[in-house]
Amino acid sequence: MVIGDLPGWPAAVESASRSTEADVYAQALSDEWRRLVSGDAFHVEKVAQGFLERHPSLIPGSSGPTMRTGWTPWPAAVIRQPVLPGLAERQPDFMWIATDSAYLMPICIEIERPDKKWFRDDGNVQHSDLTSARSQVAAWRSWFMDPHNAAQFVHMYRVPRVMAERLLRPHFIVIHGRRSEFDSNPRVRRLRAGLTANLSDEVLMTFDALGPDSNALRYGTVELTRDGVLRAVAAPATFDFPVVNPEFISNVDGWDMAIRASLDISGVRKRELLDILEAMQSRPSGMRFSVARRRTE
């Protein structure tokens, strides 16, 4: 079994209606995530990275730091290993470019390991593993504070003007360790709560806190190539196009290849998605687009 495969999937969806497909997938994904977090598979960070690239709805931040904005993140996908030019420190593992009516919110995410600790064994001092992760966040924060970098950011990632004109407000998420480190120790829980009490732009989470976000089930994974092109990397089982926003499609190359290569999308759904993509790419600029979705009882 390949890391990222879900037991019983995609066979389970062949007999499910489209109305229940997302629920079946989300439950299978939740079960497999909990199983892997409880083992040692994610003690290699690139394994966790690959799993999340394949199933991006697990990655927090698509709906902004409060997880409640109803806007589609740019470009309707999470960006893996995003580049922040000139930054000597490690780049983020993932980034959502979330937005609302007032703010453009890059959500930079650092994935550590579930076996790493938040505090030293005496429970009084922040562990060096967490200190290192948070020092990376400090470097990212400083990078975005430079006006030149902020301007370069919206240009590099082809952020549409209507979004780019909003106030830039980056946020940062560190995913580190397990909840079990705090469950039986109220004092350590209080220490944990104090780590970011005075920070409005940083969130610390454990691996246990991650689960499929219903708002992100339709989003895929992309990357920024060395040539400055946004390229599709992965289309998850419940992937769909934002058909009323053609710029979300025209600014990303390779969705056809990502859909064909997906191990999680059924054959019937692949054909439907490829037909939608072809229709969207062939329509004249500025024309509104609608599509008749296949109904499955």
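Details
- Some residue of the range 112-120 being touching a strand residue (DSSP E or B) at 6+ places or on another chain (Cβ under 9 Å) and under 20 Å from residue 86 (Cα atoms): no
- Test set (1) at pLDDT 95 or above; (2) surrounded by 18 or more Cβ atoms within 10 Å (Cβ to Cβ) - residue 248 fails condition number: (1)
- Selection from the range 183-203 of residues that are free of Cβ contacts under 8 Å to residues at least 60 places away in the same chain and not hydroxyl-bearing (Ser, Thr, Tyr): 183, 186, 189, 190, 193, 194, 197, 198, 199
- Residue match in the range 27-41 (condition: open to solvent by less than 40 Å² (accessible area, probe 1.4 Å), part of a loop (DSSP other than H, G, I, E, B), of a type outside the set (A, V, I, L, M) and under 25 Å from residue 181 (Cβ atoms)): yes
- Residue among 191, 168, 204, 224 that is farther than 23 Å from residue 43 by Cα, open to solvent by less than 70 Å² (accessible area, probe 1.4 Å) and modelled with pLDDT under 95: 191
- Residues of the range 131-152 that are within 14 Å of residue 204 (Cα to Cα) and touching a residue at least 60 places away in the same chain (Cβ under 8 Å): 134, 137.
- Residue that is surrounded by the fewest Cβ atoms within 10 Å (Cβ to Cβ), among those in the range 73-101 that are touching a Ser or Thr at 6+ places or on another chain (Cβ under 8 Å) and not aliphatic (A, V, I, L, M): 89
- Yes/no for residue 209 being loosely packed, with under 15 Cβ neighbours inside 10 Å, farther than 30 Å from residue 126 by Cα and either within 22 Å of the chain's Cα centre (by Cα) or of a type in the set (A, V, I, L, M) (or both): no
- The residue that is modelled with the lowest pLDDT, counting only those in the range 232-242 that are open to solvent by 10 Å² or more (accessible area, probe 1.4 Å) and farther than 19 Å from residue 268 by Cα, is 242.
- Cβ-Cβ under 7 Å pairs, at least 6 apart or on other chains, the range 83-96 side modelled with pLDDT under 95, far side open to solvent by 90 Å² or more (accessible area, probe 1.4 Å): 91/81
- Filtering 294, 260, 269 for residues that are over 18 Å from the mean Cα position of the chain (by Cα) and at pLDDT below 85 leaves a single hit, 294.
- Taken residue by residue, the range 132-152 has no member that is closer than 30 Å to residue 273 by Cβ, open to solvent by 40 Å² or more (accessible area, probe 1.4 Å) and basic (Lys, Arg).
- When every residue of the range 94-103 is checked against the conditions, at least one turns out to be under 30 Å from residue 208 (Cβ atoms) and among the hydroxyl-bearing types (Ser, Thr, Tyr).
- Residue in the range 106-114 that is crowded, with 16+ Cβ neighbours inside 10 Å and without any contact (Cβ under 8 Å) to a residue 60 or more places away in the chain present: no
- Every condition in (1) touching a Gly at 6+ places or on another chain (Cβ under 7 Å); (2) at pLDDT below 90; (3) buried (at least 20 other Cβ atoms within 10 Å of the Cβ); (4) not acidic (Asp, Glu) is met by residue 185 except one, and the failing one is (3).
The values are calculated or read from the model by the stated rules, or taken from the named source; none is laboratory data. Just so we're clear, the structure is a prediction, and the values are computed from it rather than from any experiment. Ideal geometry is used to build each Cβ from the backbone, glycine not excepted, and the neighbour counts take in all protein chains shown. Ligands, DNA and RNA are excluded from the accessible area calculation, which covers all protein heavy atoms including side chains. Shrake-Rupley method; radii C 1.70, N 1.55, O 1.52, S 1.80 Å.
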